[in-house]
Amino acid sequence: MTPPAQPRERLRIALQKSGRLGDPARELLAAGGLTWRESRDRLFLYGESLPVDLLLVRDDDIPGLITDGVCDLGIVGRNVLVENSLALGAQGHRPLVEWRQLGWGRCSLDVAIGEDEEWTGPQQLAGLRIATSYPQILGRWLRQEGVEAQTVVLNGSVEIAPRLGQADLVCDLVSTGGTLRANQLRPVTTILDSEAVIAGPDQRLEDGRQEIADLLLGRLDGAMQLKESRLLMLRAARPVLDQVLPLLPGGHEPTLTGVEGRDEVAIQMLVHGPVSWAKLEDLKRAGAHNLMVLPVEGMLA
Ligand SMILES: Nc1ncnc2c1ncn2[C@@H]1O[C@H](COP(=O)(O)OP(=O)(O)OP(=O)(O)O)[C@@H](O)[C@H]1O
Ligand SMILES: O=P(O)(O)OC[C@H]1O[C@H](OP(=O)(O)OP(=O)(O)O)[C@H](O)[C@@H]1O
Ligand SMILES: [Mg+2]
């Protein structure tokens, strides 16, 4: 089903239909207060709480949909954004840019050679065949390095190309490195660090859609900050405060409250990011007790 024609004042965001980024992207938008109604084919989600509609597609199509103006923004891996932007740029289209970095979907685009081979640097790739799904990014890197090599474009199962004799080495996405190891390959250099991003045009949106985008992005920033936030609570006797306070993690200023009838204080502070067990153990060794780390459900300064 083609999405119903929408008035231009509704924002439209492209998301990956399934795969690694689809669910976290929808969770992020839901955390920003967005609710939606699904079309029967589940490819178009009509925003109910805000004038923001979602189009569910293959991730490779997201940059093109933004360039064509079918969608205003998209949630996509930087690897896909850069690869497609380079191709679209070569056709004379305006560049797409990252409106936000989301901090998940992290992976890197690496050059990998046989695990027994020696690596002396990019120059050794001259004249070799490199299998990849990212010919634009690889081509740009080879030009930067001044290396002339042959690119073999494959859409999947890139790592088995050397064993099949299709290529001498690969350039592919790596997260844990397990896929490379399973194929007797080892990463030797990273040519792009990737994470999920909100991609959009390099200029403001029109017809009131920029205001909707600003509202939504403000909420998403808040939701992302909240997700990272923890409340750290602990107690410490006054005589050990000088040892405990310098060990507190970075974050907001701690609040110290005297505990009635005891020579001790209750300390609480908002922390950005996780508080490790090692940090709690350090605080305890310094004399703190009753340590607790709590998730934060809502926040208004
Ligand atoms: N092993 C990985 N670990 C973490 N992130 C990854 C990994 N592999 C890919 N990614 C990121 O997740 C994005 C989506 O990966 P996925 O495998 O779902 O894509 P796909 O198979 O191309 O999906 P689609 O059907 O939408 O084309 C990648 O473009 C990349 O940014
Ligand atoms: O370093 P690792 O943790 O092993 O991850 C890397 C693999 O993950 C992705 O493939 P995916 O599992 O999505 O399968 P695909 O071949 O269908 O893309 C990517 O294309 C690599 O093959
Ligand atoms: Mg894809």
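Couple of notes before you dig in:
- Residue, surrounded by the most Cβ atoms within 10 Å (Cβ to Cβ), within the stretch 5-18, restricted to residues that are modelled with pLDDT of 95 or more and within 16 Å of ligand 2 (Cβ to nearest atom): Gln16
- Test: residue in the stretch 248-270 that is touching a residue at least 40 places away in the same chain (Cβ under 8 Å), in contact with a His (Cβ under 8 Å, 6 or more places away or on another chain) and either farther than 29 Å from Gly103 by Cα or not assigned by TED's automatic domain parsing to the domain that holds Leu34 (or both): yes
- Thr190 being of a type in the set (Val, Ile, Thr) and surrounded by fewer than 17 Cβ atoms within 10 Å (Cβ to Cβ): yes
- All positions within the stretch 239-270 that are exposed (fewer than 11 other Cβ atoms within 10 Å of the Cβ) and not in a loop (DSSP other than H, G, I, E, B): Pro239, Pro246, Thr257
- One residue from Val197, Val170, Val153 being within 16 Å of ligand 3 (Cβ to nearest atom), in contact (Cβ under 8 Å) with a residue 12 or more places away in the chain, β-branched (Val, Ile, Thr) and surrounded by 19 or more Cβ atoms within 10 Å (Cβ to Cβ): Val197
- Near pairs, Cβ below 7 angstrom, 6+ apart or cross-chain, from the stretch 46-67 (of a type in the set (S, T, N, Q)) to any residue that is more than 13 Å from ligand 1 (Cβ to nearest atom): Ser49/Gly33; Ser49/Leu34; Ser49/Thr35; Thr67/Leu88; Thr67/His93; Thr67/Leu96
- For the stretch 66-108, the set of residues classified as aliphatic (A, V, I, L, M), part of a helix (DSSP H, G or I) and buried (at least 19 other Cβ atoms within 10 Å of the Cβ) consists of Ile66, Val80, Leu81, Val82, Leu88, listed by residue number.
- The set of residues in the stretch 178-194 that are touching a residue at least 40 places away in the same chain (Cβ under 8 Å), within 13 Å of ligand 1 (Cβ to nearest atom) and under 21 Å from the mean Cα position of the chain (by Cα) comprises Leu192, Asp193, Ser194.
- From the list Asp214, Asp221, Asp207, Asp242, the one residue that fits, being free of Cβ contacts under 8 Å to residues at least 24 places away in the same chain and either under 30 Å from Glu9 (Cβ atoms) or in contact with a Lys or Arg (Cβ under 6 Å, 6 or more places away or on another chain) (or both), is Asp214.
- Residues located in the stretch 137-150, provided they are within 16 Å of Thr189 (Cα to Cα) and loosely packed, with under 13 Cβ neighbours inside 10 Å: Arg143, Gln144, Gly146
- Top-ranked residue of the stretch 19-61 - restricted to ones that are in a loop (DSSP other than H, G, I, E, B) and of a type in the set (D, E, K, R), ranked as nearest to ligand 2 (Cβ to nearest atom): Arg20
- Residue that is in contact with a Gly (Cβ under 6 Å, 6 or more places away or on another chain) and of a type outside the set (S, T, N, Q), where the choices are Trp104, Trp119, Trp36: Trp36
The values are calculated or read from the model by the stated rules, or taken from the named source; none is laboratory data. Source: prediction; values computed, not measured. Methodologically, a virtual Cβ is constructed for each residue, glycine included, from the backbone with ideal geometry; neighbour enumeration extends over all protein chains shown.
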